[in-house]
Amino acid sequence: MKQTIKLTNLQKDMSVIAMRNYRKTLNGLGQKLFDIAFKKVQQMNEEVKLDGMEMIYITQSLRFQGKEYAQSGNQEMAVLYREFGNRIELIRFEFQRRNNPLLKNKKAASAGTLTA
């Protein structure tokens, strides 16, 4: 399952900057998996199709970049990146809620089937 996300040019640029900087902190298999999402974002036009893990990578990158800006004293940019990261995270939560088979098919236990 994939979620289509539409990004403005500014949001795409923010994502690419954040992902480029966050990528430097990764290595091995983690970096290779990250690179799949990074390439999708770099090559996207107006929208991109991402799975839950790819959305997590973007969120982590945006929050990392926000933290970097905060530490350098640029609070405006820090807030901008963190808020955008929160927006992507909300999209992911909704995507996971809609598509998680454990949540979709879970039924409440009836009183007769409960154990002490």
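Read-outs: derived from the displayed coordinates by stated rules, not from any lab. If you're wondering where the values come from, they're calculated on a predicted model, not measured in any experiment. No Cβ is skipped: glycine too gets one built from the backbone with ideal geometry, and neighbour counts run over all protein chains shown.
Scan segment 1-39 for residues that are within 20 Å of L90 (Cα to Cα), basic (K, R) and part of a helix (DSSP H, G or I) and the total you get is 1. Restricting Q75, Q42, Q3 to residues that are in contact with a strand residue (DSSP E or B) (Cβ under 9 Å, 6 or more places away or on another chain) and of a type in the set (S, T, N, Q) narrows the list to Q3.
Inside segment 43-76, residues that are of a type outside the set (F, W, Y), buried (at least 16 other Cβ atoms within 10 Å of the Cβ) and within 16 Å of L10 (Cβ to Cβ) make up a count of 7.
Listed here are the residues, each with its yes/no results for (1) surrounded by 11 or more Cβ atoms within 10 Å (Cβ to Cβ); (2) free of Cβ contacts under 8 Å to residues at least 24 places away in the same chain; (3) small (G, A, S); (4) under 17 Å from L62 (Cβ atoms).
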{"position": "N9", "(1), (2), (3), (4)": "no, yes, no, yes"}
{"position": "R20", "(1), (2), (3), (4)": "yes, yes, no, yes"}
{"position": "L26", "(1), (2), (3), (4)": "yes, yes, no, yes"}
{"position": "K32", "(1), (2), (3), (4)": "no, yes, no, no"}
{"position": "I36", "(1), (2), (3), (4)": "yes, yes, no, no"}
{"position": "V41", "(1), (2), (3), (4)": "yes, no, no, yes"}
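Has segment 72-82 got any residue that is of a type in the set (K, R), on the phi < 0 side of the Ramachandran plot and not in a helix (DSSP H, G or I)? No, there is no match, as no residue in segment 72-82 is of a type in the set (K, R), on the phi < 0 side of the Ramachandran plot and not in a helix (DSSP H, G or I). Scanning segment 43-60 for residues that are touching a residue at least 40 places away in the same chain (Cβ under 8 Å), in a helix (DSSP H, G or I) and out of contact with any Ser or Thr (no Cβ under 7 Å at 6 or more places or on another chain) returns G52, M55.
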